[in-house]
Amino acid sequence: MRPVPGSDAERAGVRRVTPADTELRARGVVHSVIVTTLPAGVARAVPALRIGPIEIWPPIVLAPMSGVTNRTMRALYKPFGFGLTVTEFVSSNALQYGSKRTMEMIDQHGVERPVSTQLWGNDPAIMALAAKLVRECGADIVDINFGCPAPKVTKTEGGSACLRDVDRCEAIMKAVVDAVNCPVTMKMRLGWTEQSMVFVEVAKRAQSAGVRAITLHARTAKQFYKGNADWSKIAELKRAVDIPVIGNGDLADPHDAMRRMRESGVDAVMLGRATLGNPWLVSRLRALMEGREPDAVPNAPDRLRFAVHHYCVMVDEWGEARAAPQMRKHLGYYLKGFAGASALRERLMRTETAEETLAILHATIEALESRAGELAVA
């Protein structure tokens, strides 16, 4: 894996803007969220997030999601308003072997920077080596995963399982901080169970170790994604440490995200599953952070146009054989809330080629627009 080159023209795999991209922007599907600086004369409703020397605006972070937040998705979603994007979480053990698939997980376009690369593992020395590698490959920030509750991770004492051994957590954090010349952050859950909530202790040790920011998903590992995220615990953590705290969990509405941010006092919010098929959640939250009224969510045809754009970019970059299966779940998210979505989803799950899938999507867009036109005439 080569380090990320400095020149935009040399960045590997960056897709050029096409007429289709221009059409999407003209229709408002990508619209003003392409602008990455605050408009002149507009006051920020919240301050920027600062992680070490890196200023992040807006203070909205894309959550690491396995099999989802690859370089393509990060580059597509960044313009909607993410100030910081995070890679899929990567095994520190797997990085030792440098397989093509593993290295692709930490690859970047460059357009989605700043990028945080998230690592998981249970061995301080191996985590330190992995941190050095991802830093050499272009990571602006190295993030430590103490939050993933998935059995494939916790069965090897990685992710949220580390919270069962606070001393091990501290050793990993110290090793990673000492290994790299960039900010190190950490994401965690409240604890392994409700009877063993160690988030404040781990956070204080993180601060002492030199970790520059903490993200808290306000559930325990055993909860997975059940129940509600306890934002009172995020507020408690914010009061307990001096470094930035990023709140995560149950943020599916921009106004609610702003309310939780203000009530808890956090420095930023992290959005994950709620953005899948709905990147406009990010642009609407960004508008509120800039003191503006959010735009309406695009209509159904334009949402599907962006889904088509996402599909085509994935096929261009990864090839049809790899992209098509991955995009089935994304299309399911884009179809949420559509009339007749269930039947359409069934049809799309049975398609065998990209051509067949895109034909169904284009026909659906035409049908939706035709129906809207008929209603307008009536």
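The values are calculated or read from the model by the stated rules, or taken from the named source; none is laboratory data. The model shown is predicted, which means the values in this text are computed figures rather than measured ones. Ideal geometry is used to build each Cβ from the backbone, glycine not excepted, and the neighbour counts take in all protein chains shown.
Determine which member of the set Glu112, Glu104 is of a type in the set (Asp, Glu), buried (at least 19 other Cβ atoms within 10 Å of the Cβ), closer than 30 Å to Cys312 by Cα and modelled with pLDDT under 95. Outline the logic, then answer.
Numbers: Glu104 fails: buried (at least 19 other Cβ atoms within 10 Å of the Cβ).
Checking each option against the conditions leaves just Glu112.
Between a first residue in the stretch 131-153 that is more than 14 Å from Trp192 (Cβ to Cβ) and in the same structural domain as Ala213 (by TED's automatic domain parsing) and a second residue that is at pLDDT below 95 and among the basic types (Lys, Arg), which pairs have beta carbons less than 7 Å apart while being 6 or more apart in sequence or on different chains?
Asp140/Arg113
Starting from residues that are of a type in the set (A, V, I, L, M) and assigned to a loop (DSSP other than H, G, I, E, B), keep the ones in the stretch 205-233 and report whichever is farthest from Ala48 (Cα to Cα). Before you say what the answer is, go through the steps one by one.
Of the stretch 205-233, the ones of a type in the set (A, V, I, L, M) are 206, 209, 211, 213-214, 216, 218, 221, 229.
Subsequent filtering for residues that are assigned to a loop (DSSP other than H, G, I, E, B) retains 211, 218, 229.
Numbers: Val211: 19, Ala218: 22, Ala229: 24 Å.
Top of the filtered list is Ala229.
Kindly evaluate Ala274 against the criterion of being in a helix (DSSP H, G or I), of a type outside the set (D, E, K, R) and assigned by TED's automatic domain parsing to the domain that holds Gly147.
Criteria met by Ala274.
In this structure, does Val202 turn out to be part of a helix (DSSP H, G or I) and either modelled with pLDDT of 95 or more or crowded, with 24+ Cβ neighbours inside 10 Å (or both)? Break it down stepwise before answering.
Numbers: part of a helix (DSSP H, G or I): yes; either modelled with pLDDT of 95 or more or crowded, with 24+ Cβ neighbours inside 10 Å (or both): yes.
It is true that Val202 is part of a helix (DSSP H, G or I) and either modelled with pLDDT of 95 or more or crowded, with 24+ Cβ neighbours inside 10 Å (or both).
Return the total of residues in the stretch 326-348 being over 16 Å from Gly277 (Cα atoms) and either crowded, with 18+ Cβ neighbours inside 10 Å or not charged (D, E, K, R) (or both).
Step one: list which residues in the stretch 326-348 are over 16 Å from Gly277 (Cα atoms), which gives 340, 343, 346-347.
Next, from what is left, pick out any that are either crowded, with 18+ Cβ neighbours inside 10 Å or not charged (D, E, K, R) (or both): 340, 343.
The total comes to 2.
For residues in the stretch 237-283 being of a type in the set (D, E, K, R) and surrounded by fewer than 17 Cβ atoms within 10 Å (Cβ to Cβ), which is modelled with the lowest pLDDT? Write out each step before concluding.
Our first condition is that a residue be of a type in the set (D, E, K, R); within the stretch 237-283, this holds for 238-239, 242, 250, 253, 256, 259-260, 262-263, 267, 273.
From the residues that got through so far, the ones that are surrounded by fewer than 17 Cβ atoms within 10 Å (Cβ to Cβ) too are 239, 242, 253, 256, 259, 262-263, 273.
Values: Arg239: 98, Asp242: 98, Asp253: 97, Asp256: 97, Arg259: 97, Arg262: 97, Glu263: 97, Arg273: 94.
The selected residue is Arg273.
In the stretch 349-373, how many are under 30 Å from Gln108 (Cα atoms), part of a helix (DSSP H, G or I) and at pLDDT below 95?
1
Do we find a residue being of a type outside the set (A, V, I, L, M, F, W, C), more than 27 Å from Gly210 (Cβ to Cβ) and touching a Gly at 6+ places or on another chain (Cβ under 7 Å) anywhere in the stretch 113-134?
Let us first name the residues in the stretch 113-134 that are of a type outside the set (A, V, I, L, M, F, W, C), namely 113-114, 116-118, 121-124, 132.
Filter once more, keeping what is more than 27 Å from Gly210 (Cβ to Cβ): none.
No, the stretch 113-134 contains no residue that is of a type outside the set (A, V, I, L, M, F, W, C), more than 27 Å from Gly210 (Cβ to Cβ) and touching a Gly at 6+ places or on another chain (Cβ under 7 Å).
Just checking, which of Asp178, Asp167 is part of a helix (DSSP H, G or I), without any contact (Cβ under 8 Å) to a residue 24 or more places away in the chain and out of contact with any Lys or Arg (no Cβ under 8 Å at 6 or more places or on another chain)? Step through it out loud before you land on a result.
Working: Asp178 fails: without any contact (Cβ under 8 Å) to a residue 24 or more places away in the chain.
Step by step, each of Asp178, Asp167 is checked, and only Asp167 is part of a helix (DSSP H, G or I), without any contact (Cβ under 8 Å) to a residue 24 or more places away in the chain and out of contact with any Lys or Arg (no Cβ under 8 Å at 6 or more places or on another chain).
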